[in-house]
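See below for the structure under consideration.
Each reported figure results from applying straightforward, stated rules to the coordinates on display, with no laboratory input. In this text the structure is predicted, and so the values were computed from the model without any measurement. Don't worry about glycine lacking a Cβ; one is built from the backbone with ideal geometry, like all the others, and counts go over all protein chains shown.
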Amino acid sequence: MTSSSRGGSDPHLWYPFSPIGGGPPPLRVVSGQGAKLHLEDGRSLIDCISSWWVNLHGHAHPYIAEAIHAQARKLEHVVFAGFTHEPAEALAGRLVGLLPGGLTRVFYSDDGSTAVEVALKMVHQHWQNRGEARRTFIAFEGAYHGDTFGAMAVGARSAFTSAFDEFLFPVERFPFPDTWIGDDTCDEREKAVVSALEARLARGRTAGHSDVAAVIVEPLVQGAGGMRMCRTPFLNRLRDVTREHDVLLVFDEVMTGFGRTGERFACERAGVEPDVICLAKGLTGGFLPLAVTVASAEVYESFGGGDPKRTLWHGHSYTANPLGCAAALASLDLLEENVDAFRGMEAHHLAFLDTLADLPVERPRATGTIVAFDLTTGTGGYFDPVAAKIKERAPDRGLLLRPLGNTVYLMPPYCLSDEERREVYKGIRELVREVIA
Ligand SMILES: *Cc1c(COP(=O)(O)O)cnc(C)c1O
């Protein structure tokens, strides 16, 4: 047993997204409160990335902890086929009330990847149920939709997928027209993508219908692909074009949901109603793994009629876990009580970006609670060594940061105090100066 916070390599653990035998051992965390994580060695870190983008209201929030506790004493779990329960119904009703009007059917699963798998299966079988063979999915360059096989297939091919590429179904991909402050090429790139997509959808008509099942997109912000941000008119055009050609539009809001983009959902900020939406990360406020795929009545109804062949044969042992639902309901209470916290963050982020002018920084950008920029030094890409340097040195400045290659970003919990926010901005400026020196 080791007790140091750089605990050495544990003999029994295999960590995610972590090369074995490289880099420093993980830091041992003993508790958390608000935006802060407390380490075993006595240090405290401000969680600048909401712990893999899940935490909304702060760590160990007593209101959510209480809700889980109360639910655990009543009913911890029950099979969700042939049985139902109040927390699942209450949460589904609440989510449908918050989402655009056409999204009315909530299907539960466990995490972002499964939410995407469910969306892909739903969409594929929807067309099959309607007697239309549609084999093509359209996705975007740089996309990330999760680590299971279907989610990997619609995500961009990368070093993360390369060992499995031969098993991933083919997907047609279009450029993602990302933009940043000072970008004057975006109009043109958006137009090019939209007209290429339009031409593609027009071409694919056979036997009176399209060969394309759906377009899947991370609306407003591509997360793991490097916090690449697009504009709302692009999403509006995407909706127009898909609707015109009777192709489904899937929003993967696993990361952008629950306030991240400055409104409760990116679809709300963009004023776009997708046919299917995937939600996970922030759903329980960062407490428990839970996900939903919410579909339109039209998609849902194609599965009707009681025919086994038309049924969506998908489910997980912990589907609609009551503890997860209770946590999500409590998290939604806090979200609705604190709208100003996520609505107000973008203005601070924009002011922060203005203070970076003397640093080797490009593509400054912010959407809601997310702010990002790229360092012009280094090699670029996910394996840029500058990422490891910043990640390793951030704890010395009291920060938890995990750059995506040369992209430095912040995605803090909404409870970040004014003082903590100033500390984070200052720490990042100092860190960048240090690693480029
Ligand atoms: C994180 C993420 C996923 C996968 O979610 P997991 O919970 O990690 O499986 C899917 N889509 C997007 C946009 C994500 O950011």
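Given R₀ = 22 Å, FRET efficiency for ARG343-ALA60 by Cβ-Cβ distance, to 0.05? Calculated value: 0.35. The simple spin-label model puts a point 7 Å past each Cα toward its Cβ; for ALA159 and HIS124 those points are separated by 3.0 nm. Under Stokes-Einstein, with the Kirkwood radius over Cα pairs standing in for Rh, what whole-number D in µm²/s applies to the stretch 343-420 at 20 °C and 1.002 mPa s? Stokes-Einstein gives a translational diffusion coefficient of 162 µm²/s.
Subtracting the Cα-Cα distance of GLU362 and SER317 from 0.36 nm times their residue separation leaves 11.6 nm of extension gain.
What area, in nm² and to one decimal, does the C-alpha convex hull of the chain cast on average over all directions? Walk me through the numbers before you get to the answer.
Numbers: hull surface 87.6 nm².
It is 21.9 nm².
If you place +1 on the Cβ of every Lys and Arg, -1 on the Cβ of every Asp and Glu, and leave all else neutral, what size is the dipole of the chain about its Cα centre, to the nearest 20 Debye?
On the way: 43 positive and 56 negative charges, 90 e Å.
I would put it at about 440 debye.
Here's the picture: charge each Lys and Arg Cβ at +1 and each Asp and Glu Cβ at -1 in the stretch 77-121, and of ALA88, GLY102, THR114 the one pushed furthest to the positive end of that dipole is GLY102.
Distance between the pseudo-spin-label points of ASP246 and ARG310 (7 Å out from Cα toward the beta carbon): 1.8 nm. Between ALA81 and ALA192, the modelled labels are 4.8 nm apart [label points 7 Å from Cα along Cα→Cβ].
Near GLY262, the amide H atoms lying under 5 Å from its own belong to THR369; only residues 5 or more places off or on other chains count, and H is placed 1.01 Å from N. Say we join alpha carbon atoms closer than 10 Å with springs in a Gaussian network model of the chain; which of ALA159, ALA320, ALA328 then has the biggest fluctuation? Its mean-square fluctuation being the largest, the pick is ALA159.
For ALA199 and SER31, FRET efficiency with R0 = 51 Å and r from the beta-carbon atoms, rounded to 0.05?
Efficiency, from the Cβ-Cβ distance: 0.35.
When the alpha carbon gyration tensor of the stretch 264-408 is reduced to an equivalent ellipsoid, its three semi-axes come out at 38, 19, 18 angstrom, largest first.
Where the convex hull is taken over the Cα atoms of the stretch 78-123, what is its projected area averaged over directions, in nm²? Each step should come with its number before you reach the end.
On the way: hull surface 15.7 nm².
Quarter of the Cα hull surface area: 3.9 nm².
A helix-only calculation puts the chain at -10500 deg cm²/dmol for mean residue ellipticity at 222 nm, using -39500 (n - 2.57) for each DSSP H run of at least four residues, averaged over all residues. In plain terms, the chain from GLU434 to HIS69 could stretch by 126.9 nm, reckoned as 0.36 nm per residue minus the Cα-Cα distance.
Please compare each pair in LYS36/LYS426; LYS36/LYS74; LYS121/LYS309 to a cut-off of 19 Å on the Cα-Cα distance and tell me which ones are over it.
Working: LYS36/LYS426 17 Å; LYS36/LYS74 31 Å; LYS121/LYS309 13 Å.
Violating the 19 Å Cα-Cα cut-off are LYS36/LYS74.
Over the residues of the stretch 128-236, compute the C-alpha Rg and express it relative to 2.2 N^0.38 Å. Before the final figure, lay out the partial values.
Details: Rg = 15.1 Å, N = 109, 2.2 N^0.38 = 13.1 Å.
Its radius of gyration relative to the 2.2 N^0.38 Å reference: 1.15.
Please give the residues of the stretch 344-376, grouped as numeric ranges, whose backbone N is less than 20 Å from a label point set 7 Å along the Cα-to-Cβ vector of LYS426. So the set is 348-359.
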